[in-house]
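Here the structure comes first, spelled out in structure tokens, and everything after it is commentary.
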Amino acid sequence: MATTHSRRNFLKVSALSGGGMLISFSLLNLPAEAKALEEMIFTPNAYITIAADGSIVLLAPNPEIGQGVKTSLPMIIAEELGVDWKKIKVELAPLHIKMGRQTAGGSGSVRGRFTELRTVGATAREMLTTAAAQQWNVPVTECTVENGEVIHKATGKKLSYASLASAAAKLEVPSKPTLKDPKEFKLIGTRVKDVDAHKIVTGQPLFGIDTRREGMLFAMVSRAPAYGKTLGDVNDAAALKIEGVKKVVKIKNAVAVLATSTWAAKKGRDALVIQWNASEKLENTAEHFATFKEMLDKPTATPQRNDGDVDAAKQGATKFLDVTYEIPALSHGQMEPLNFYANVKDGKVELFGPTQVPGAVRTEVSKQLGIAEENITISSPRQGGGFGRKLMTDNGVEAALISAAAQSPVQVQWTREDDMQNDFYRPAEMWRYRAALSADNLLSWHQSGIGIGRGVRGDSYVAGAIANYRAEGQGFTSNTPTGWWRAPGANTLAYVAESFMDEVCTALKKDPIAFRLELLKKAKEQTVGKINYDPEKYKSVIELVAKMSKWGSKTPGVFRGFSTWFSFGSYVAQVVDLQMVDGQPKVKKVYCAVNCGRVINLSGAENQVQGSIVDGISHAMFPKVTFVNGAVAETNFHTYKFLRMRDAPTEVDVQFVESDEAPTGLGEPALPPIAAALANAIFAATGKRLRKLPFAEQLG
């Protein structure tokens with residue numbers, strides 16, 4: 001039977017490709033009734049389903065949080081498979097170990113999948129082509145594919161993939177399918193509209209909050225009002241009198257109200273009378289920064305990197321820079337507030353909700369409920385942003401605990417205020433930068449930093465380019481929770497390092513671009529220690545953005561700032577043009593050059609870069625998180641301000657360095673340099689050096 005034979009082949013595909021593809025898994029994306037027709041289905045691997053009715057479904061294996069992988073990853077398969085992109089359906093894949101890495105984070109989805117997915121598509125193409133050649137009794141080398149058909153050019157014969165699917169499923173899986181020559185790519189590198197764009201703009205139910213299941217109750221949760229407080233006595237009498245409220249349950253350090261609507265659940269939560277007890281220190285932001293300053297002045301940290309002798313370098317200096325930068329904590333502020341559906345029943349758990357790490361959620365739920373992972377199913381809808389917040393498992397685990405305690409299927413809905421006051425924040429940091437300068441040269445560079453919960457990272461392109469370099473960092477223990485925030489590490493280090501570099505250029509009277517190229521030349525030709533970057537790739541984006549912006553030209557009333565950074569495998573250089581309007585900076589245009597290897601979806605890639613730039617300007621200008629007696633002072637977007645449309649750049653010009661190399665990260669790398677480029681432009685316009693974020697409160 002064809003299906004049985006295919007299952008054997010799938011095991012072979014799994015072993016050969018390393019992608020973990022099994023036939024038992026390949027049908028998970030199909031409805032139950034379709035499984036009865038499995039003999040009609042050709043499923044050459046876990047990511048593709050070609051049905052006898054001609055329908056083609058490509059599974060996107062990674063969570064979609066707005067980074068475009070639901071479109072770009074299937075494009076890679078479609079390119080190799082040779083199908084008409086407009087005729088295929090793309091679905092988010094369920095969590096399964098055979099899918100490999102199923103997380104969204106670190107700009108790694110495309111970077112880690114490119115060759116694997118090409119192999120998947122090429123495997124299917126070769127099996128379909130072989131099936132057609134056997135049917136025509138012609139050499140397979142005489143057959144080509146195009147738009148979902150196999151073509152024999154000599155005779156003009158054509159067969160659709162749908163008609164060949166069953167026969168192809170009986171063939172041995174090729175051990176080393178031939179990948180297309182990139183010169184023949186017709187889809188990769190083009191502009192493709194996001195597969196969910198129409199559904200998003202027409203308000204169709206795509207997101208977790210749209211979940212509706214039979215018997216489901218809605219829950220709102222009362223959590224500790226400040227970090228350092230724990231749950232005491234609870235009086236739920238008034239809450240249970242609210243129409244629609246069904247149950248009140250305690251889970252660890254919180255209380256959940258379950259009702260027939262979110263509104264009833266919220267009213268019930270508001271009616272709870274809870275005693276919260278202070279069990280730990282209630283911390284304040286002002287105290288954090290005071291402690292940071294004391295610790296930075298104590299030379300106790302062990303350097304992460306220490307080239308040459310920065311202290312001895314001062315002996316020959318004619319000028320010495322010594323400045324401090326401050327960076328506040330940030331919330332993630334993703335547009336979609338957290339939510340999760342859970343149903344714990346009869347020793348099994350069903351989970352459905354927004355997460356960047358479905359596997360980690362399942363593992364944690366398994367630990368906390370004592371239910372084996374094989375009895376837990378989890379899948380994710382399209383998500384309204386993540387930026388690192390959904391790398392945490394708390395929302396999914398919380399929903400499972402509530403469902404188990406209430407013995408009911410439940411959807412837990414967070415408000416914006418819940419999100420902002422129960423986040424895992426980008427930690428506040430303070431940095432001290434010192435440099436010894438001669439009349440025309442940078443003699444030493446010394447950076448030291450401290451942040452809540454972690455130290456600092458040492459290497460940038462300055463390391464490796466100068467003889468005397470030291471980087472050291474310390475972590476500060478706190479009970480305020482911290483976590484990954486978009487472009488973690490790089491988003492703060494790029495701001496302080498590239499702002500300080502501009503100060504060095506100003507002191508040396510050097511052109512900011514020419515001086516950076518000078519350093520990169522030294523890093524390549526006179527390398528000091530190890531470097532974790534490619535000077536030539538850095539050079540490629542700096543030279544491209546200089547060309548794009550006509551660096552060196554001057555426009556009256558327009559002030560410029562430059563910055564560059566390498567992160568997540570990609571190189572970015574940016575020039576900000578701004579004007580002063582009523583005494584305030586207005587970004588007129590941003591030029592951005594990117595070297596991220598081969599671009600898959602040009603439209604999606606441009607969107608990622610443009611979005612990162614707007615996001616970076618927004619967070620440089622306006623928001624911050626302030627802890628007052630353990631509580632977060634900012635509660636919603638009226639106090640945690642984002643960039644308004646009127647404040648956004650009028651134009652963002654994005655260009656990519658042409659490359660035949662495999663794709664590198666793109667969801668994050670364009671964000672880190674923009675704050676420094678903006679600060680440097682503001683300095684050019686005002687003469688004011690902004691060494692503290694956010695900028696707006698310093699500009700009046």
Could you point to the residue in Leu171, Met127, His619 farthest towards the positive end of the chain's charge dipole, with +1 and -1 charges on the Cβ of Lys/Arg and Asp/Glu respectively? His619
Might you report the magnitude of the Cβ-based charge dipole of the range 515-591 about its Cα centre, with Lys and Arg at +1 and Asp and Glu at -1, to the nearest 20 debye? 120 debye
Mind checking the dipole of the range 458-528: about its Cα centre, +1 per Lys or Arg Cβ, -1 per Asp or Glu Cβ, Debye to the nearest 20? 120 debye
Projected onto the charge dipole of the chain (unit charges on the beta-carbon of Lys, Arg, Asp and Glu, signs +1, +1, -1, -1), the Cα from Tyr640, Ala226, Gln275 with the largest positive-side position is that of Tyr640
Please tell me which of these pairs span more than 25 angstrom C-alpha to C-alpha: Lys293/Lys509; Lys554/Lys588; Lys241/Lys345? Lys293/Lys509; Lys241/Lys345
Calculate how many DSSP beta bridges within the range 557-700 are antiparallel, expressed in % of all such bridges and rounded to the nearest 5. 80 percent
Please give the peptides 114-121, 429-436, 492-499 ranked by average Cβ packing (other Cβ atoms within 10 Å per residue), highest first, as a rough proxy for protection. 492-499, 429-436, 114-121
If you split all Cα-Cα distances of the range 621-665 into 10 Å bins from zero, what percentages do you get per bin, shortest first? 19, 27, 20, 23, 11, 1
Of the beta bridges DSSP finds with both residues in the chain, what % are antiparallel, to the nearest 5? 75 percent
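Taking the DSSP beta bridges in the range 511-635 as the whole, what percent of them are antiparallel, to the nearest 5?
95 percent
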Provide the per-residue ³J(HN,Hα) series for the range 605-612, in order, calculated from phi with Karplus coefficients 6.51, -1.76, 1.60 and θ = phi - 60°, each as a whole number of Hz, with x at glycine and proline positions. 5, 4, 4, 4, 5, 4, x, 4
Here the relative contact order (percent) of the chain, from C-alpha pairs under 8 Å and at least 6 apart, is 14 percent
Normalised Cα Rg of the range 331-487, dividing by 2.2 N^0.38 Å with N its residue count, works out at 1.44
Please give the charge dipole size of the chain, origin at the Cα centre, charges +1 on K and R Cβ atoms and -1 on D and E Cβ atoms. Round to the nearest 20 debye. 300 debye
Over the range 156-227, with neighbouring protein chains present, the accessible area per residue in Å² at probe 1.4 Å is 57 Å²
Residue among Phe562, Gly333, Ser408 farthest towards the positive dipole end of the chain, charges placed on Cβ: Phe562
In the structure shown, do any of Lys183/Lys390; Lys70/Lys186; Lys530/Lys589; Lys70/Lys692; Lys86/Lys180; Lys247/Lys367 have a Cα-Cα gap over 27 Å, and if so which? Lys183/Lys390; Lys530/Lys589; Lys70/Lys692
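The values are calculated or read from the model by the stated rules, or taken from the named source; none is laboratory data. These numbers come from a predicted model, not from an experiment. A quick note on method: Cβ atoms are made from the backbone with ideal geometry, for glycine too, and the neighbour counts reach across all protein chains shown. The accessibility values were calculated without ligands, DNA or RNA, using every heavy atom of the protein model including side chains. Shrake-Rupley method; radii C 1.70, N 1.55, O 1.52, S 1.80 Å.
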